[in-house]
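Visitor: Take a look at this one; I'll ask things after.
The values are calculated or read from the model by the stated rules, or taken from the named source; none is laboratory data. All figures in this text were calculated on a predicted structure; none of them were measured in a lab. In this analysis, Cβ positions are derived from the backbone assuming ideal geometry, glycine residues included, and neighbour counts consider all displayed protein chains.
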């Protein structure tokens, strides 16, 4: 009886082991195909610049991304390998049934001569086939992993994190240690982050990379106001390392620091007081000065840690996809692109600005456009067919809508005491619109400061990063900053050298890639002693 029980247990264990082996076998095949296709899809559709960017996105609310992007990803990279794997599993099951009925007891005998003695090994044919076949998924998964590491900056990430840097210790200026003086009459701020907006989109005449000007309104605004430029024409800021995606760009511009990934530390649940806890951001400063602060986006604000940042650094009032439905800007079931397009975003902004401006306290109204998001952008029905390139046409249409919105702002009573800032959040992550431009062209992030409280003649032929927008924004409100530096940023209205002008952008990016114990403890997690 005991022997029978042991045999039964052994038989069950063999079955479980065989089942797990089969699962791992086909899982490895599926993963290898999905990884290879996913890598190709990412490289083709999005211009990633660091593995930190990928880690950050995966570590936050991926499910709140555009439904179109998610559907495209699954249809391109998950469903095909899943179908192939299921077909292979079906073929395997059929072969296994044949084996069970006809070849179950077939064995192969292997004879080996060792020290003049003959040793015989008996192999079950099924086990032999699986041992040989197991080489296939292992080889496929290994090749796909190496391919992904080569193309998604994983190798550079590992190499950079093996080294450390004291760049933050040397150059980071903690805003809480800086004397900041606001004017007696505080100015309002309208800060419009323009999705993927570059000075690149202008024509050759204005310093751009195209024969046609895809941002004529932004070009005129740059010429008529203060456009900090790397050239004597319309230009912009260098995009620093780890500021190459929306939240990275926004944090760079409003806190003067990048978002450097710490495993598990960038999920919203891990933050009690907001993203990059130790940073003292623009929102923190303005909140302390009694500003009413709002953030408006055309999607779910939760995506990418945006809600954590804006609620944790300034207690911003939120206007997003869900409040737009509640406020009857769109219907309850409305959803296009990432949520709702800029056509409704500007309508919503006008409505809320009229309400906010009636209050006594100064306001900071921040918003983020969406129609120019990679990979193809979004074209409303009224958009003219200015270009056969869908993305560039979306850029042109976005410029057209923005021009009308700025005209509206300038007609309002609150405009005289309001600084308006237009700034790209980062360089575009689209790929195909830039395939034909000169490889040596220096793509820059667009900016313009409208109705600033201060002026400067030193705004052309400057080298700077989006970190510099942080103190420059405060200066445009008439704020005096002792030392002209906050975070890693320098007030561009001053003649103080920026870090770019001091070190060069290549050196800065190189240092930012490395591990920083100061950043991890003091800026990311607020655990400085």
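Visitor: Do we find a residue being modelled with pLDDT of 95 or more, part of a helix (DSSP H, G or I) and surrounded by fewer than 19 Cβ atoms within 10 Å (Cβ to Cβ) anywhere in the stretch 251-273?
Guide: no
Visitor: Moving to a separate point now. Residue check: is residue 376 touching a helix residue (DSSP H, G or I) at 6+ places or on another chain (Cβ under 6 Å), buried (at least 17 other Cβ atoms within 10 Å of the Cβ) and at pLDDT below 95?
Guide: On the way: touching a helix residue (DSSP H, G or I) at 6+ places or on another chain (Cβ under 6 Å): yes; buried (at least 17 other Cβ atoms within 10 Å of the Cβ): yes; at pLDDT below 95: yes.
So residue 376 passes the test.
A quick yes/no check of all residues on (1) under 21 Å from residue 491 (Cα atoms); (2) surrounded by fewer than 24 Cβ atoms within 10 Å (Cβ to Cβ); (3) free of Cβ contacts under 8 Å to residues at least 12 places away in the same chain:
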{"site": "188", "(1), (2), (3)": "yes, yes, no"}
{"site": "197", "(1), (2), (3)": "no, no, no"}
{"site": "210", "(1), (2), (3)": "no, yes, no"}
{"site": "213", "(1), (2), (3)": "no, yes, no"}
{"site": "216", "(1), (2), (3)": "no, yes, no"}
{"site": "219", "(1), (2), (3)": "no, no, no"}
{"site": "233", "(1), (2), (3)": "yes, yes, no"}
{"site": "237", "(1), (2), (3)": "yes, no, no"}
{"site": "243", "(1), (2), (3)": "yes, no, no"}
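Visitor: Turning to a different aspect of this structure: Scan the stretch 435-443 and tell me whether some residue there is touching a helix residue (DSSP H, G or I) at 6+ places or on another chain (Cβ under 7 Å), over 21 Å from residue 196 (Cβ atoms) and either assigned to a loop (DSSP other than H, G, I, E, B) or at pLDDT 95 or above (or both).
Guide: no
Visitor: Now a separate question. When you check residue 467 against the structure, is it closer than 20 Å to residue 53 by Cα and buried (at least 24 other Cβ atoms within 10 Å of the Cβ), yes or no? Lay out the reasoning, then the answer.
Guide: Values: closer than 20 Å to residue 53 by Cα: yes; buried (at least 24 other Cβ atoms within 10 Å of the Cβ): yes.
Considered against the rule, which asks whether it is closer than 20 Å to residue 53 by Cα and buried (at least 24 other Cβ atoms within 10 Å of the Cβ), residue 467 comes out as yes.
Visitor: I've got another one for you. Among the residues of the stretch 311-320, count how many are at pLDDT 95 or above and buried (at least 19 other Cβ atoms within 10 Å of the Cβ).
Guide: 3
Visitor: May I ask you to say which residue of 43, 62, 22 is under 20 Å from the mean Cα position of the chain (by Cα), modelled with pLDDT of 70 or more and either surrounded by 13 or more Cβ atoms within 10 Å (Cβ to Cβ) or in the same structural domain as residue 520 (by TED's automatic domain parsing) (or both)? Steps first, answer last, please.
Guide: Values: 62 fails: modelled with pLDDT of 70 or more; 22 fails: under 20 Å from the mean Cα position of the chain (by Cα).
Being under 20 Å from the mean Cα position of the chain (by Cα), modelled with pLDDT of 70 or more and either surrounded by 13 or more Cβ atoms within 10 Å (Cβ to Cβ) or in the same structural domain as residue 520 (by TED's automatic domain parsing) (or both) holds for just one of 43, 62, 22, which is 43.
Visitor: Moving on. Only one of these is in contact (Cβ under 8 Å) with a residue 12 or more places away in the chain and surrounded by fewer than 23 Cβ atoms within 10 Å (Cβ to Cβ): 347, 355. Name it.
Guide: When all the criteria are applied, what remains is 347.
Visitor: Could you pull out the residue among 375, 331, 388 that is in the same structural domain as residue 285 (by TED's automatic domain parsing), touching a residue at least 24 places away in the same chain (Cβ under 8 Å) and assigned to a loop (DSSP other than H, G, I, E, B)? Give the derivation first.
Guide: Working: 331 fails: touching a residue at least 24 places away in the same chain (Cβ under 8 Å); 388 fails: touching a residue at least 24 places away in the same chain (Cβ under 8 Å).
None of the others qualify; the one that does is 375.
Visitor: Given 428, 452, which one is buried (at least 17 other Cβ atoms within 10 Å of the Cβ), modelled with pLDDT of 95 or more and not in a strand (DSSP E or B)? Outline the logic, then answer.
Guide: Values: 428 fails: modelled with pLDDT of 95 or more.
Exactly one residue qualifies, and that residue is 452.
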